1. Any residue in segment 127-135 that is surrounded by 12 or more Cβ atoms within 10 Å (Cβ to Cβ) and under 21 Å from GLN37 (Cα atoms)?
2. Only one residue in THR72, THR17, THR83, THR49 is polar (S, T, N, Q) and at pLDDT below 80. Which one?
3. I'm told TYR109 meets every condition in (1) among the hydroxyl-bearing types (Ser, Thr, Tyr); (2) under 29 Å from LYS27 (Cα atoms); (3) more than 14 Å from the chain's Cα centre (by Cα); (4) open to solvent by 70 Å² or more (accessible area, probe 1.4 Å) except one. Can you identify the failing condition by its number?
4. Looking at segment 30-54, which of the residues that are assigned to a strand (DSSP E or B) and either closer than 25 Å to ILE76 by Cβ or of a type in the set (S, T, N, Q) (or both) is most open to solvent (accessible area, probe 1.4 Å)?
5. Taking ARG97 and the conditions (1) without any contact (Cβ under 8 Å) to a residue 24 or more places away in the chain; (2) under 28 Å from LEU28 (Cβ atoms), which numbered condition does it fall short on, given that it satisfies the others?
6. Go through segment 55-69 residue by residue and tally those that are of a type in the set (A, V, I, L, M) and either modelled with pLDDT of 90 or more or not in a strand (DSSP E or B) (or both).
7. Among what's in segment 68-106 and is of a type in the set (Lys, Arg) and within 30 Å of LYS57 (Cβ to Cβ), pick the residue that is least open to solvent (accessible area, probe 1.4 Å).
Amino acid sequence: MRNKFVFLVSIALLLHTVALAQSSKAKLIGDFVAAKQKYHHFNGNILVTENGKVIYKRSVGFSDLKTRKSLTDRSIFEIASVTKQFTAAAIMLCRERGLLNLNDSLSKYFPDLPFPGVTIRQMLTHTSGLPEQNELMYKV
């Protein structure tokens with residue numbers, strides 16, 4: 001019975017220590033964000049996870065500077081080229097796992113795409129000849 005008690009107390013202390021460590025990390029992140037916000041050096045959404053659990057989440061600043069509309073986690077951003085490197089890394093992981101070939105036509109995955117013959121490789125190297133993305137987006 002004593003061994004079970006010691007075990008349960010040990011588990012409780014371990015969980016408490018993990019919770020404290022996460023809350024102190026969250027506090028450090030929060031303090032950093034607050035300092036950046038104070039001097040208008042940051043405007044955006046922050047989500048920090050550790051081991052699959054959210055330890056910090058916050059929206060800071062404005063979604064529209066003119067109207068001073070507050071930013072939320074539902075705000076929409078025009079992110080332009082920010083995602084290119086993540087998309088390229090995901091494509092290369094899929095290639096490595098045999099899920100696709102860089103010479104595959106986009107129409108294999110997007111049959112309704114009105115640009116036949118454009119390959120994944122061309123998209124990754126920006127040599128596809130597709131029109132400017134903004135032109136396409138605003139025609140839809």
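The values are calculated or read from the model by the stated rules, or taken from the named source; none is laboratory data. Because the structure is a prediction, the values reported are computed rather than measured. Note: ideal-geometry Cβ built from the backbone for every residue, glycine included; neighbour counts use all protein chains shown. Side chains included, ligands, DNA and RNA excluded: accessible areas come from the protein's heavy atoms. Shrake-Rupley method; radii C 1.70, N 1.55, O 1.52, S 1.80 Å.
1. So in segment 127-135, the residues surrounded by 12 or more Cβ atoms within 10 Å (Cβ to Cβ) come out as 128, 130.
Okay, now just the ones that are also under 21 Å from GLN37 (Cα atoms), so none.
Among the residues of segment 127-135, not one is surrounded by 12 or more Cβ atoms within 10 Å (Cβ to Cβ) and under 21 Å from GLN37 (Cα atoms), which makes the answer no.
2. Numbers: THR72 fails: at pLDDT below 80; THR83 fails: at pLDDT below 80; THR49 fails: at pLDDT below 80.
When all the criteria are applied, what remains is THR17.
3. In the conditions (1) among the hydroxyl-bearing types (Ser, Thr, Tyr); (2) under 29 Å from LYS27 (Cα atoms); (3) more than 14 Å from the chain's Cα centre (by Cα); (4) open to solvent by 70 Å² or more (accessible area, probe 1.4 Å), TYR109 misses (2) alone.
4. Kept after step one, since they are assigned to a strand (DSSP E or B), are these residues of segment 30-54: 44-50, 53-54.
Filter once more, keeping what is either closer than 25 Å to ILE76 by Cβ or of a type in the set (S, T, N, Q) (or both): 44-49, 54.
Working: GLY44: 7, ASN45: 62, ILE46: 29, LEU47: 112, VAL48: 41, THR49: 82, VAL54: 90 Å².
Among them, the one singled out is LEU47.
5. (2)
6. First, the residues of segment 55-69 that are of a type in the set (A, V, I, L, M): 55, 60, 65.
Now drop any that are not either modelled with pLDDT of 90 or more or not in a strand (DSSP E or B) (or both), which leaves 65.
Selection size over segment 55-69: 1.
7. Filtering segment 68-106 for residues of a type in the set (Lys, Arg) gives 68-69, 74, 84, 95, 97.
Add one more test, that the residue is within 30 Å of LYS57 (Cβ to Cβ), and what stays is 68-69, 74, 84.
Details: ARG68: 145, LYS69: 128, ARG74: 197, LYS84: 99 Å².
Checking each candidate, the answer is LYS84.
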